[in-house]
Every structure is written in C-alpha cells, then in structure tokens.
Amino acid sequence: MTPRRWILTAISFLLAIGASVYIIRSSWSEEGARVGLPLWGHVACFAAAFFELLCRSIKIRLSGAALRIPLELRTALRASLGGDFGAAITPARSGAEPARFLILREEGVPVADAVVILFLELFLEMLSLAALAVALAFVLGSSSTAVRGLVALVGGYSTLVIGLGVIGYTAARRWAHGPAPTWLHRLGLSDRRWHAVQVSLRHLRGNVTRMHTARWWVMASSLAFSILHVVMRLTILPIIVFALGARVAIGPIVLWPLAIYYGGAVSPAPAGGGLIEIAFRSALNDHIPAAILGAALLWWRVYTFYILLVGGGIVTGAAVLRSLKRDGVSDMVTE
C-alpha cells in the first residue's frame, strides 16, 4: 500500500473508534450505564472468538484435503488471520483473499492449489449462509416481521452470490476463448478488457473442474465447520448482552450482527469508517437497553474485529519479514 492509502486507512480507523466513543459516551447519560464486562463474559467471548477462528482454519484445511492438497492446520490458521488483517485495512475487505494467498504461497503452497483452496473456501462460505438462513427460518419463523425479513435478507444475499457463480461458470464454458460477443462490442467493451475477462473465466472454469474430483465427504465436513464458524461468531453478542445483565429477544441480536458483518463488506472504507458502529446503533437501539448499548458495541467490535486485526497483523508482518529475508538471502547467493 502507498503512504496515501495508509493515511486514508488510519483516518478510517480513527472514524470507527470515534464513532464507538461517541456511542459509549451517549449511553453514559442513561441511569446505570456501564462499560465493563464481568470476567466470565470476557472468558466466554474469547473462547467463542478462538473457536470461531479455529473452525475457519479447519474449514480451509479440509477444503485442501477435499482436493487432495496437503495443508497443515497451522498454515490454515495463519492464512485465516492474515485474511482478517488484509480485510481490515482495505476497502470493501478486498485485501482478504490476497492476504490469504500471500500466506499460503509463503508456506510453499503452489499457485494453482492456493487459488482453488480459496475458491472452494468462499463457495462453502456462501453455502453455509444459505443453510443457516433456512435453519433460522424454521427456528425463528414465529418471530417478528423484522426478524423474518432479516432471515430473508441473509438467504437472498447467499443465493445471489451463488447465482452469480453459476452465471460465471456458464459464461466460462461458452466464452473463455474466442472473440467477444457482438453485443458486448456494442456496449463499448474493448478487446483488451475482454481478454482480461476471459482470463478470469478460464480460472473460474479450472477451479470448478478441479472441484469435480473433490472428495465429497471431506467437503461436507468442511461445510459443517463453515456453518459452525458462523454460529460461533453469532454467539458473541448474545454472550455480551447477557453478561451485562440484560434479557432481550434473541432473534435481533443474532441476526442483525450477521447482516451488519456481511453487509459491511460493501463499505468503501477500511474498518467501515464508522459505518459499522452507526449501523449497529441504528439496528439494535430498540432491542438492547440504551444503558448497555455502548458497552455491547465496544466488546462486540473487540471480539469480532480488533482482536483478529492484532493477531492478523502479527502473522502477516512475520510472513512479509520472512519473505524479505528469504529474498535477501537468495540475492546474496546469486551475487
């Protein structure tokens, strides 16, 4: 990243922290406002965050195993944390997959293998969201209209992404080679742009073709851990709210964080630039008592974002230093 982008990233983080501080301060005016969590709340939140990360890492390892690509759990863990760091410091979390790819390549995973592992991991993430939407529709079917709308939103998001993937694969089978269709030329698409699109389509077709040879029972196990990691992430806010002594309806404090987390992927600012905090307050202001809303936001962000940011920064920094050191040694040998 350029110095200018680092400055913009720092400003975005300051805005996010400032939004949290403002919301916390506004809750202090309420009688009985509090910020601290009891010790058992911190232990439970940390355990949920750790097992969420562990499940994601197992999912990546099993994704490799399904494709007969050997991958250590330690490598998958480092790739998960590196992806969290890359997502946190880039707009729309666009740096997540490049960071994971960097970690996998630094560990010696071949390029083609790293790409197909990440492709399968994203595919299973969408399937897990679709499965959870169906499950939540049954569990929370008798809840309020707003809760049912959130379930539909989550299901619609995952269905849209999977549908776009199907469209992309269909296009890859028809247009991965040859000239651009006439109607695209009429839309002003140049031959150079079309060539770049074709390269992406060929990569997509190659990834899907490799999935045809996957061991499906291993892939099903990977999907199970993908679902479990989302479930563990969704338990963090209820733990915080109950640890703060509030008793609220479970539906909104489970579904709104899910919608905010995946909806935050479209935010153009790293770390959300305060949009995540504003969305949290707007969505949950009627469901979480005002006296603990600021504390709930603070600890929810700590255990779903900041703790992973710090861990991912350490892992990514170490990978970059090892890579630079290795390149330096190679240059010395060459000389």
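The values are calculated or read from the model by the stated rules, or taken from the named source; none is laboratory data. Please read these numbers as outputs of a predicted model, since none were measured by experiment. Positions of Cβ are backbone-derived with ideal geometry, glycine not excepted, and every protein chain shown enters the neighbour counts.
From the list Leu258, Leu293, Leu297, Leu275, the lone residue that is farther than 21 Å from Ile24 by Cβ and surrounded by 20 or more Cβ atoms within 10 Å (Cβ to Cβ) is Leu258.
Yes or no, residue by residue, for (1) touching a residue at least 40 places away in the same chain (Cβ under 8 Å); (2) closer than 24 Å to Gly36 by Cβ; (3) touching a Cys at 6+ places or on another chain (Cβ under 6 Å); (4) not β-branched (Val, Ile, Thr):
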{"residue": "Ala269", "(1), (2), (3), (4)": "yes, no, no, yes"}
{"residue": "Arg281", "(1), (2), (3), (4)": "yes, yes, no, yes"}
{"residue": "Leu297", "(1), (2), (3), (4)": "yes, yes, no, yes"}
{"residue": "Val315", "(1), (2), (3), (4)": "yes, no, no, no"}
{"residue": "Ala319", "(1), (2), (3), (4)": "yes, no, no, yes"}
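Report whether or not Val35 is within 22 Å of Ile307 (Cβ to Cβ) and surrounded by fewer than 20 Cβ atoms within 10 Å (Cβ to Cβ). When the stated conditions are applied, Val35 passes them.
Among the numbered conditions (1) out of contact with any helix residue (DSSP H, G or I) (no Cβ under 8 Å at 6 or more places or on another chain); (2) hydroxyl-bearing (Ser, Thr, Tyr); (3) at pLDDT 90 or above, the only one that Ser29 does not meet is (3).
If I filter the range 38-52 for residues that are under 25 Å from Met211 (Cα atoms) and surrounded by fewer than 20 Cβ atoms within 10 Å (Cβ to Cβ), do I get at least one hit?
no
Every residue in the range 75-115 that is free of Cβ contacts under 8 Å to residues at least 12 places away in the same chain and either assigned to a loop (DSSP other than H, G, I, E, B) or in contact with an Asp or Glu (Cβ under 9 Å, 6 or more places away or on another chain) (or both), please. Within the range 75-115, Ser94, Gly95, Gly108, Pro110 meet the criteria.
Do the conditions hold for Leu120, that is, is it at pLDDT 65 or above and surrounded by 19 or more Cβ atoms within 10 Å (Cβ to Cβ)? Yes: the conditions hold for Leu120. All conditions in (1) part of a helix (DSSP H, G or I); (2) within 27 Å of Ala10 (Cα to Cα) hold for Met232, with the sole exception of (2). With respect to (1) of a type in the set (Ser, Thr, Tyr); (2) surrounded by fewer than 19 Cβ atoms within 10 Å (Cβ to Cβ); (3) within 25 Å of Trp300 (Cβ to Cβ), the lone exception for Thr213 is condition (3).
Look at Val248 and say whether it is β-branched (Val, Ile, Thr) and outside any helix (DSSP H, G or I). Criteria met by Val248. In summary, Arg25 fulfils each of the numbered conditions (1) without any contact (Cβ under 8 Å) to a residue 24 or more places away in the chain; (2) in a helix (DSSP H, G or I) with the single exception of condition (1).
Here Val248 meets the list (1) modelled with pLDDT under 90; (2) touching a His at 6+ places or on another chain (Cβ under 9 Å); (3) buried (at least 20 other Cβ atoms within 10 Å of the Cβ) almost entirely, failing just condition (3). Against the test of being farther than 20 Å from Phe225 by Cα, modelled with pLDDT of 80 or more and not β-branched (Val, Ile, Thr), the options Ala92, Ala99, Ala171 yield a single qualifying residue, Ala99. Evaluated against (1) farther than 26 Å from Ala249 by Cα; (2) at pLDDT 90 or above; (3) not aromatic (Phe, Trp, Tyr), Ile278 falls short on exactly one condition, (1). Please state which one of Gly64, Gly36, Gly83, Gly18 is of a type in the set (Gly, Ala, Ser), touching a Leu at 6+ places or on another chain (Cβ under 8 Å) and at pLDDT below 95. On inspection, the qualifying residue turns out to be Gly64. The one condition from (1) part of a helix (DSSP H, G or I); (2) over 26 Å from Gly317 (Cα atoms); (3) at pLDDT 90 or above that Ala48 does not meet is (2).
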